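Engineer: My questions will all concern the structure given below.
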């Protein structure tokens with residue numbers, strides 16, 4: 001039995017789990033649409049800044065900027081989240097979350113700057 005068939009059989013036995021799964025997929029599609037609309041607006045306003053902030057290549061930014069509303073909706077209706085978490089490195093994550101209080105020292109500001117440099121360097125390597 002395939003994984004998809006197993007998931008379907010399990011969902012048939014547990015309607016609450018199926019409803020929860022559908023709700024999660026709907027939320028992913030909504031997040032995709034929100035992300036694409038924001039990305040398109042950022043790209044059209046300032047492509048260089050948008051590619052940095054979104055972690056996109058120039059080619060991807062150009063494609064997103066050129067999408068029609070119908071294409072945006074079609075792309076957003078995927079069951080896979082289109083945006084990605086840029087702080088996926090443990091060191092970057094720790095640098096960004098090291099202090100929950102407002103920045104009070106030059107050291108804290110330097111840590112955040114260091115995290116931004118690391119993320120920008122990763123984008124440049126792509």
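Engineer: Any residue in the stretch 49-75 that is within 27 Å of residue 26 (Cβ to Cβ) sitting within a Cβ distance under 8 Å of a residue that is at pLDDT 95 or above and assigned to a loop (DSSP other than H, G, I, E, B)? List the pairs, counting only those 6 or more apart or interchain.
Structural biologist: 75/67
Engineer: If a residue counts only when it is within 13 Å of the chain's Cα centre (by Cα), which helices (runs of 4 or more DSSP H) contained entirely in the stretch 7-82 have at least 2 such residues?
Structural biologist: 15-45, 47-54
The values are calculated or read from the model by the stated rules, or taken from the named source; none is laboratory data. A quick note: this is a predicted structure, and the numbers were derived from the prediction, not measured. Cβ coordinates were reconstructed from backbone atoms using ideal geometry, including for glycine residues, and neighbour counts include every protein chain displayed.
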